[in-house]
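First up is the structure itself, then whatever we jot down about it.
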Amino acid sequence: PLAMLLAVGGMGVLATRDRGAARLLVAIALATSAFGALVVDGPLLQVFLMATTIAVVALAACGLDRLLSGSRAPLAVALAVAAVLVPHGLRMRADARPLGVSWMRWESKGQPQIRTFVPQLRHERSARELAERLLAAIPESSFVAARWEVVMTMKYLQSVEGRRPDLVLDPWYEPAHIVRLARWQREHSLETHPVVMVGLIPGLADRLSAPELLPADREIPLFVERRGVRVQ
């Protein structure tokens, strides 16, 4: 809210220097907001609103610059800090006591849920511990197909800490996985170099011939395929 007030003031300041630039930033802020609201839903809205955020920040900086150039520098600093802390405080309050109807509420997806005023992940080890359990259960010399949120933690443990260098960790996405799977089967015997699916992955689960279930974790099961994967 405070950034918007600063942006309105900055629009007038910038217009005195470069009217075209002021109009362009206002057009970007309005057009991207309207476009995002009309065609995007869910978490991708944050990506579409990046241009709006940049335009508002640039205009707000022009407003702060005018204040900093005079004797009101302490006020400008206070406004800049408040422009960050006030919306953050409102977000925290809305998390604890949701406002409005259900469709107006923004729910964070997945874990961990950060609910402290100062964002921090102290003592949060759930992602690491899950990756460690999965790595310990996966058979040797496997091709491991997993979703990004799981495979990247395992990749960190492998690349940085040297865990399980025998595994090929594959972030699963269409359609490149078919090419990689076909190459893996041509170059390796699945009896000794199986394909492992971490959790149920649509598009891959129905390609496995005779997957063996390994209940390695209560959250995410492992499916080990040693006979063949249909790639056609």
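The values are calculated or read from the model by the stated rules, or taken from the named source; none is laboratory data. Note that this is a predicted model, so its numbers are computed, not measured. Quick reminder, even Gly has a Cβ in these numbers, built from the backbone with ideal geometry, and neighbours come from all protein chains shown. Heavy atoms of the whole protein, side chains included, go into the accessibility calculation; ligands, DNA and RNA do not. Shrake-Rupley method; radii C 1.70, N 1.55, O 1.52, S 1.80 Å.
Using a probe radius of 1.4 Å on heavy atoms only, what accessible surface per residue do you get for the chain? Whole Å² is fine. List each step's numbers first, then the result.
Values: 14870 Å² over 232 residues.
Value returned for the chain: 64 Å² of accessible area per residue.
Give the peptides 11-22, 195-206 in descending order of average Cβ contacts within 10 Å, highest first.
Going from most to least packed, we get 195-206, 11-22.
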*For segment 138-232, calculate the relative contact order in percent as a whole number, restricting contacts to Cα pairs under 8 Å that are 6 or more residues apart.*
31
*Rg/Rg_ref, the chain, where Rg_ref = 2.2 N^0.38 Å and atoms are Cα*: 1.45
*Non-local amide H neighbours of Arg163 (under 5 Å, H modeled in plane, Pro and chain starts lacking H): which ones?*
Gln158
*Binned at 10 Å from 0, what are the whole-percent values of the Cα-Cα distance distribution for segment 127-228, short to long?*
16, 54, 29, 1
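Leaving ligands, DNA and RNA out of it, rank Met92, Met50 by accessible area with a 1.4 Å probe, largest first.
Numbers: Met92 25, Met50 110 Å².
So, going from the largest accessible area down, we get Met50, Met92.
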